[in-house]
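See structure below.
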Amino acid sequence: MDRRRFLQLLSATPLALWAAPAWTQEEGAAADPWTRTVILVHLAGGNDALNTVIPFADPAYLAARKRVSLPVKKLHHLDDNYGLHPAMAPVAYAWDTKELAIVHGVGFPGGPFGHYAACESLDTGSPTPGPTTRGWISEALSNVPAPRGFALAADLGMAGPGPDLGAPLALRIPGDGGPKLARPASKNRALDHVVGLHAERRAQARELWVRAQDTGDLGTRFPASSIGEQFALAARLLSSGAPVAVMRLEQTGYDTHRNQLSRHADLLGDLGAAIGSFRSVLLKSNRWRNVLVVVVSEFGRTLAENAGGGTEDGTAGVALVLGGSVRGGMYGTPPLLGELNDGQIVHTVDFRSLYGTIATDFWGVQKHAFSAFPGLGFL
Amino acid sequence: MDFPTARHLLQRTSFGGTPAAIRRLTAKDPLGAAQILVDTVDTGADVVLPEWVDGRVRMGRTAARGELDALNAWWLGRLRNAESEFGERLVLFWHQHFAASAPDVPAALRGRWHRTLRQHAAGNFKALLTAAVADPSLLVALGQADATKKSPSPAFAEALLSRFALGAGQYDPADVAAAAAALTGWQVDRSGKQRFVGRAHDSGKKMFLGQSGRWGAADIVRILLADDRTGEHIASSLWRAFVSPDPDPVEVSRLAGVFRDADYEIKPLLAAVLSSDAMVEPTYRGSLVKSPVELVVGAARVLYLDAKASDLAWAAASAGMRLFEPPVNGWPRGIAWLTAETLDRRNSALGRLLRAFASDPRTPLGDTRAMATWLGQPSLAGARARDQAMDVLLVVRPVHEPPEWFAAGDIIRTLVLDPTYQIA
């Protein structure tokens, strides 16, 4: 984007985007991907699916988890077989109101993969991503030209090198927007030029952030943790009409090889509270139907617990999908815990089914890279 | 020479230096190093191109995408692995200098021209220019292939004067017309071979650069080579490619003199450019912008990324550069390469390339030990490793300095994705 177009982005052209975002479009109208936002939450490190949505009636679970398990009585019972982690009360509430879809057994063929490779697969939607594999969001939206000034994705997560989701805008918390760009002009035109371009991009991200800060009192408290702040910023960005298709959030710490129970409870407690606050803000502003919160992790953990009160890196995991347009319920097939492959849980739902369902049913894109994978029907 | 000078020399004459290569070079003095570069340059005159390049050619249709991609990947594979990096840089220089492509130039003809370039790239410019004027791929690309006395084609003459020989602004429109008339009749037949068609040739008198005669193609080349400005243009282009975006007029004129005295032998000119004071002058460091090919090949070579040629080709293409398919007037130069959008695409391509090798133990990306090995130190971590990686990969301090506690892969990733990595 040249300077002129960039200025247009910030001023004239996308006024329509800023002033009257089409969030309020009539229900039932054909979905326009650019009016609906996915809040993609990555639980980094490999979340223990079995202690998030607990198969408390499965004898294999009870037999394997002697220490790293939760008292059945305390669970939020979802049905006769499954319970939600006790720390996730707001998410349990969304279950009761049928706004929560639980997708069992999500993974990729093969594995187990290392964290790095698994994150690559998660980002790309490819079990064997290479250097030319694009991000899954790029693939899902490649047939739908983005309106001017629209970014495919904004990364609200970590300040370190993040994944490439197609066209990332490096939005950062807490609004570091003022990166040290004020390099004195050098005698080197090439250097000044490239640093200037970089500054433009950062300024663009900062502009989004500044507009988000202007959205006034959210009227709801968010947890003071990183994930809480990220959800609060996402809510503000949505209120300001930020032209971004996907906001990516990240919560780290799920690699629980030791002392899992208390750490996991803290993490899920934070996550649940943040989701609850986010939902309540969006319900109030009538945007909940046009937002899809998708919680995934690069993989789950082993059924077996280890001697340190933790679990090892696993394979299949669970995805939580929340939103005003979600048809609450259980989706996919729960993996058979009695039939492990080399100690690992065998996935039953391909991540690409999840991505395809979002593309087709949420964004309304009929032809995309994941069309061949069966839809899950949670929308 | 010191480390930054050695790094700079390698940045300009190869695709950047690995820590080991830079350190090796510090043992030499700049003049000696320049001489060795020129003495050992290998432009791959005997390369083996895909077999179909010498097969049957079908004219008059759009070049096959698969063949173009194959050529592009073939060269990227060579750029990644060739022993003589300077040789490849030189071929890239001439590829850009004689940039001319059109959709209907068969891939095979482009491949043959490429071989011709390699044969002359470090040879004699007279032979190179003569070959260019007779080359079917250039003739077709610039509309010369079917030019006749009645309808001459100014495009080829214009390119010849403004880019191949004299330089922009050194001639009148009448000179272009005269050259176009003189070049009529040199056509390309249906099998892709160049031929002279006498009845299409304009044998009348022409006034070209102040000289009058019944000039033909050979005369035009002769007159151009006799003109001092041709040598200056080549010297100035080499300066722009290897030294800085603003050629020093005094130096250019000196270099052009060397070029003429050597009867257009290219090696003495290269030696003069590489051993000029400007080559080691700190002011010029970082004044050039890497082309996409230089960028991805550089990352692959310096960081030991064993990337497939087709992946490198994809990365360069996504940043706007497909070898064998230059835009009509050549690729952008310098800062014209970079817009906010192309910078995004460059970084996206680099980022994916790095991630594909993040856990490859042969690269410095894997862990502290791999990075120490790359840096040539038995063990090195923390701020010192970070600082040394910075000195190898960047010519100035980065905009975003990676914290020293970053993992090896994240340090390198942060440096490679820093905007300052784009300059050379």
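The values are calculated or read from the model by the stated rules, or taken from the named source; none is laboratory data. Keep in mind it's a predicted model, so treat the numbers as computed, not measured. Virtual Cβ from ideal backbone geometry, glycine too; neighbours counted across all protein chains shown.
Data overview
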{"item": "Lone qualifier among B:416, B:396 - being of a type in the set (A, V, I, L, M, F, W, C), surrounded by fewer than 21 Cβ atoms within 10 Å (Cβ to Cβ) and within 30 Å of residue B:245 (Cα to Cα)", "result": "B:396"}
{"item": "Residue match in the stretch A:43-56 (condition: under 30 Å from residue A:365 (Cβ atoms), touching a helix residue (DSSP H, G or I) at 6+ places or on another chain (Cβ under 9 Å), at pLDDT below 95 and buried (at least 17 other Cβ atoms within 10 Å of the Cβ))", "result": "yes"}
{"item": "Helices (runs of 4 or more DSSP H) contained in the stretch B:261-373 and holding at least 2 residues free of Cβ contacts under 8 Å to residues at least 40 places away in the same chain", "result": "B:266-274, B:277-280, B:309-318, B:340-356"}
{"item": "Complete set of residues in the stretch A:69-123 that are assigned to a loop (DSSP other than H, G, I, E, B) and either of a type in the set (Ser, Thr, Tyr) or on the phi > 0 side of the Ramachandran plot (or both)", "result": "A:69, A:82, A:97, A:98, A:110, A:111"}
{"item": "Residue list for the stretch A:213-236, filter: modelled with pLDDT under 90 and either of a type in the set (Lys, Arg) or closer than 27 Å to residue B:341 by Cα (or both)", "result": "A:213"}
{"item": "Single match in A:215, A:311 (criterion: more than 22 Å from residue A:354 (Cα to Cα), surrounded by 23 or more Cβ atoms within 10 Å (Cβ to Cβ), polar (S, T, N, Q) and in contact with a Leu (Cβ under 9 Å, 6 or more places away or on another chain))", "result": "A:311"}
{"item": "Members of the stretch B:239-274 that are within 20 Å of the chain's Cα centre (by Cα), away from chain A (no Cβ under 14 Å), of a type outside the set (A, V, I, L, M, F, W, C) and within 25 Å of residue B:15 (Cα to Cα)", "result": "B:247, B:265, B:267, B:268"}
{"item": "Scope the stretch B:245-265; condition among the hydroxyl-bearing types (Ser, Thr, Tyr) and either touching a Cys at 6+ places or on another chain (Cβ under 9 Å) or modelled with pLDDT under 95 (or both); matching residues", "result": "none"}
{"item": "Cross-chain or 6+ apart pairs with Cβ under 9 Å, the stretch A:132-145 first and in contact (Cβ under 8 Å) with a residue 60 or more places away in the chain, then of a type in the set (Asp, Glu)", "result": "A:136/A:123; A:137/A:123; A:144/A:32"}
{"item": "Hits in the stretch B:310-361 (condition: more than 8 Å from every other protein chain (Cβ to nearest Cβ), within 28 Å of residue B:284 (Cα to Cα) and in contact with a His (Cβ under 9 Å, 6 or more places away or on another chain))", "result": "B:323, B:326, B:330"}
{"item": "Selection from the stretch A:189-245 of residues that are away from chain B (no Cβ under 14 Å) and without any contact (Cβ under 8 Å) to a residue 24 or more places away in the chain", "result": "A:216, A:217, A:224"}
{"item": "Qualifying residue in the stretch A:26-39 (condition: modelled with pLDDT under 95, touching a Ser or Thr at 6+ places or on another chain (Cβ under 7 Å), surrounded by 15 or more Cβ atoms within 10 Å (Cβ to Cβ) and over 30 Å from residue A:89 (Cβ atoms))", "result": "no"}
{"item": "Selected residue (criterion: farthest from residue B:159 (Cα to Cα)) from residues of the stretch B:319-354 that are modelled with pLDDT of 90 or more and in contact with a Leu (Cβ under 8 Å, 6 or more places away or on another chain)", "result": "B:350"}
{"item": "Test result for residue B:188, touching a residue at least 60 places away in the same chain (Cβ under 8 Å) and touching a strand residue (DSSP E or B) at 6+ places or on another chain (Cβ under 7 Å)", "result": "yes"}
{"item": "Scope the stretch A:99-148; condition at the interface with another protein chain (Cβ under 9 Å from one of its Cβ atoms) and aromatic (Phe, Trp, Tyr); matching residues", "result": "A:116"}
{"item": "Some residue of the stretch B:167-181 being surrounded by fewer than 20 Cβ atoms within 10 Å (Cβ to Cβ), closer than 27 Å to residue B:72 by Cα and of a type in the set (D, E, K, R)", "result": "no"}
{"item": "Total residues in the stretch B:163-185, condition out of contact with any Asp or Glu (no Cβ under 6 Å at 6 or more places or on another chain) and in contact (Cβ under 8 Å) with a residue 12 or more places away in the chain", "result": "16"}
{"item": "Set B:410, B:391: member being away from every other protein chain (no Cβ under 14 Å) and either out of contact with any Ser or Thr (no Cβ under 7 Å at 6 or more places or on another chain) or not in a loop (DSSP other than H, G, I, E, B) (or both)", "result": "B:391"}
{"item": "Residues (without any contact (Cβ under 8 Å) to a residue 60 or more places away in the chain, crowded, with 24+ Cβ neighbours inside 10 Å and of a type in the set (Val, Ile, Thr)) located in the stretch B:92-140", "result": "B:105"}
